[in-house]
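This report concerns only the one structure given below.
The values are calculated or read from the model by the stated rules, or taken from the named source; none is laboratory data. Bear in mind that the values here come from a model prediction, so they are computed numbers and not experimental data. Positions of Cβ are backbone-derived with ideal geometry, glycine not excepted, and every protein chain shown enters the neighbour counts. Areas reflect the complete protein model, heavy atoms only, side chains present, ligands, DNA and RNA absent. Shrake-Rupley method; radii C 1.70, N 1.55, O 1.52, S 1.80 Å.
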Protein chains: 2
Amino acid sequence: MTDQTDEEYREAPSDRTHVKRYHWLARYDQETVKAILDATPLAHVGCMMNGVPFVTPTFFWREGDRVYWHGSSAGRMFHALEHQDICFTVSMLDGLVIARSAYNFNCNFRSVMLLGRAELIKDEDEKAEKLRNFVNGLIPGEWERLRPVYPKEIKATAIASMSIAEASCKVRTGPPIDDDEDYTHPSWAGVIPIRYQVLPPEPDPRNLPDVSMPEDVLKFRLG
Amino acid sequence: MTDQTDEEYREAPSDRTHVKRYHWLARYDQETVKAILDATPLAHVGCMMNGVPFVTPTFFWREGDRVYWHGSSAGRMFHALEHQDICFTVSMLDGLVIARSAYNFNCNFRSVMLLGRAELIKDEDEKAEKLRNFVNGLIPGEWERLRPVYPKEIKATAIASMSIAEASCKVRTGPPIDDDEDYTHPSWAGVIPIRYQVLPPEPDPRNLPDVSMPEDVLKFRLG
Ligand SMILES: Cc1cc2nc3c(=O)[nH]c(=O)nc-3n(C[C@H](O)[C@H](O)[C@H](O)COP(=O)(O)OP(=O)(O)OC[C@H]3O[C@@H](n4cnc5c(N)ncnc54)[C@H](O)[C@@H]3O)c2cc1C
Ligand SMILES: Cc1cc2nc3c(=O)[nH]c(=O)nc-3n(C[C@H](O)[C@H](O)[C@H](O)COP(=O)(O)OP(=O)(O)OC[C@H]3O[C@@H](n4cnc5c(N)ncnc54)[C@H](O)[C@@H]3O)c2cc1C
Ligand code: HEM
Ligand code: HEM
């Protein structure tokens, strides 16, 4: 439980991203922000709608210093987004941390919160290009193999984007940290590691007899 | 893409939990709500703080018709909670769904959103009892093996609870659904299944030489 210096505190990009609880787990560098964002395609977006701070699970992708996500042009979130600051959270559960005292139970995790205003992409060509990056970011080359996209499909799709500049991360790794005097307590302590597992792809029963699985489908990983 | 009847729509416990997008994936029965809540200990809580709809990743547990989560008595969320309706979201990513058209890409998932007002537990004995249920819910019998909890630790801990009555679920399973005319397009379609993997427990290097791992640590599962 090392204490950060005032110097390090000042690294937070804004007052409101300044981590207070367990502040020794905080990271504000863009390298860590990007590493956590690139570990999983799943975000949880906080957006006020009808008086409720809704949390919507959503796929996203990163391009440079921005994150992007998509949905229905008629979806309520893509209307509400433009009029408020939102919170874009990505978290990975890496393990259950078993201590000698209940109070020091914990989990190993990586998380990032992005704050700020999202923007909608309006240009149809730009939307198509972004969707291509989304698909090919998950499975390289896939966009080019697919039935070409129709203009009406691009129209029906909303894409939001947000800067990753105003960001804070928290990262916990390693064994439990017990109170000094508890290390003599005779209970088992340690970590149960948790991660995502990608299982062998299951072909659609309706696949044409002569199609074969692209190698990049087999290479899909997350974590 | 079956259409729900008005009858089925009316199953939503409230107007605001009524699923509109991909409404054929909606489930409102408490059995499904509980099954999804019991699949993972990780929730994302939406709570308005300082004008931002913050999304906080948090462990939780369920007892009967309520969910519970814990943190610091000095934490900002446990103060903000009592004055607003919040959104408590639990999601599981089960697979990446690869279609023949980009538009019909999807993922398999289970998610639940709970809406309503959370309450704080104030009574110290009740807090201790709930924390015991939290710990033993993850690893049966663990609370009794640990260094007994101190009253000051219970005091430092805030516990919030919320009803699971106002809930909606969305569940997607199975292969991609392509447009009829696209089934002749010669690209590979299918599902890449994803799940949590629990790895072998890693003992704390500072464990006493004669402690042994409780069997229930080995039995820990999620998904
Ligand atoms: C998998 C997982 C499980 C967790 N389980 C619990 C739990 O059971 N109980 C619990 O109390 N906490 C848990 N946490 C930590 C939790 O997400 C919060 O960090 C913590 O509760 C403090 O919240 P706060 O709003 O009071 O923090 P504060 O320190 O007051 O928040 C100030 C600022 O710090 C930043 N910040 C806060 N939390 C995070 C975060 N997680 N990631 C990145 N930036 C952040 C934000 O910019 C925020 O505006 C868990 C986190 C993860 C990833
Ligand atoms: C792992 C995962 C990935 C996803 N990826 C995407 C994505 O990339 N793009 C996308 O558009 N959507 C995605 N979704 C679905 C997303 O969570 C929303 O359901 C969808 O975007 C519609 O949101 P809405 O607010 O417009 O829905 P509406 O139908 O307008 O919401 C009305 C009500 O339906 C209920 N509801 C809405 N969404 C959910 C939900 N997920 N679970 C339970 N109840 C719900 C709530 O009670 C809400 O108040 C994903 C979901 C999961 C679990
Ligand atoms: C790359 C992989 C993709 C994944 C994993 C994905 C996943 C999803 C998911 C999970 C939803 C939400 C469905 C629901 O509400 O339950 C969704 C909605 C949507 N997707 Fe995608 N998608 C992908 C690519 C695309 C592309 C390339 C397009 C456009 C060409 C597109 C257009 C849409 C639209 C318009 C909706 C909203 C549907 C509605 O609410 O009526 N998606 N997508
Ligand atoms: C059962 C397993 C438990 C797990 C997985 C767990 C996990 C966590 C996590 C991840 C945090 C957040 C740390 C951070 O902000 O980065 C936390 C905070 C906290 N936990 Fe637990 N916990 C558990 C049990 C308990 C118990 C039994 C108690 C009390 C006896 C307790 C008391 C606290 C307190 C007071 C905080 C706030 C610390 C602070 O912000 O200063 N926890 N816990």
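The condition of being more than 10 Å from chain B (Cβ to nearest Cβ) and of a type in the set (A, V, I, L, M) does not hold for A:Val55. Selection within the stretch A:19-31: residues that are near ligand 1 (Cβ under 10 Å from one of its atoms) and closer than 12 Å to A:Ala167 by Cβ. The member of this set that is most open to solvent (accessible area, probe 1.4 Å) is A:Arg27.
Counting the residues of the stretch B:153-170 that are closer than 21 Å to B:Val33 by Cβ and in contact with a Ser or Thr (Cβ under 7 Å, 6 or more places away or on another chain) gives 5. Applying the condition of being of a type in the set (Asp, Glu) and in contact with a Ser or Thr (Cβ under 8 Å, 6 or more places away or on another chain) to the stretch B:176-220 and asking which residue is nearest to the other protein chains (Cβ to nearest Cβ) yields B:Asp182.
Note on the stretch A:129-150: residues that are more than 19 Å from A:Trp69 (Cα to Cα), touching a helix residue (DSSP H, G or I) at 6+ places or on another chain (Cβ under 8 Å) and part of a loop (DSSP other than H, G, I, E, B) total 3. Scanning the stretch B:151-202 for residues that are part of a loop (DSSP other than H, G, I, E, B) and buried (at least 17 other Cβ atoms within 10 Å of the Cβ) turns up B:Ile164, B:Glu166, B:Pro175, B:Pro176, B:Asp178, B:His185, B:Ser187, B:Trp188, B:Ala189, B:Pro201. Of all residues in the stretch B:72-88, those that are at pLDDT below 95 have Cβ atoms under 8 Å from Cβ atoms of residues that are open to solvent by 70 Å² or more (accessible area, probe 1.4 Å), 6 or more apart or on another chain, in B:Glu82/B:Arg117; B:Glu82/B:Glu119. Considered as a group, the residues in the stretch A:91-114 that are in contact with a helix residue (DSSP H, G or I) (Cβ under 6 Å, 6 or more places away or on another chain) and not small (Gly, Ala, Ser) include one that is most open to solvent (accessible area, probe 1.4 Å), and that residue is A:Tyr103. Taking the numbered list (1) aliphatic (A, V, I, L, M); (2) over 10 Å from the mean Cα position of the chain (by Cα); (3) more than 16 Å from ligand 3 (Cβ to nearest atom); (4) more than 7 Å from chain B (Cβ to nearest Cβ) in turn, A:Met48 passes all entries but (4).
In this structure, does B:Gly71 turn out to be within 13 Å of another protein chain (Cβ to nearest Cβ), away from ligand 4 (no atom under 16 Å from the Cβ) and of a type in the set (Gly, Ala, Ser)? It is false that B:Gly71 is within 13 Å of another protein chain (Cβ to nearest Cβ), away from ligand 4 (no atom under 16 Å from the Cβ) and of a type in the set (Gly, Ala, Ser).
Applying a threshold of 7 Å to beta carbon distances and a minimum spacing of six or more residues, or different chains, the list of pairs starting in the stretch B:199-214 at a residue that is basic (Lys, Arg) and ending at one that is at pLDDT 95 or above reads B:Arg206/A:Tyr183.
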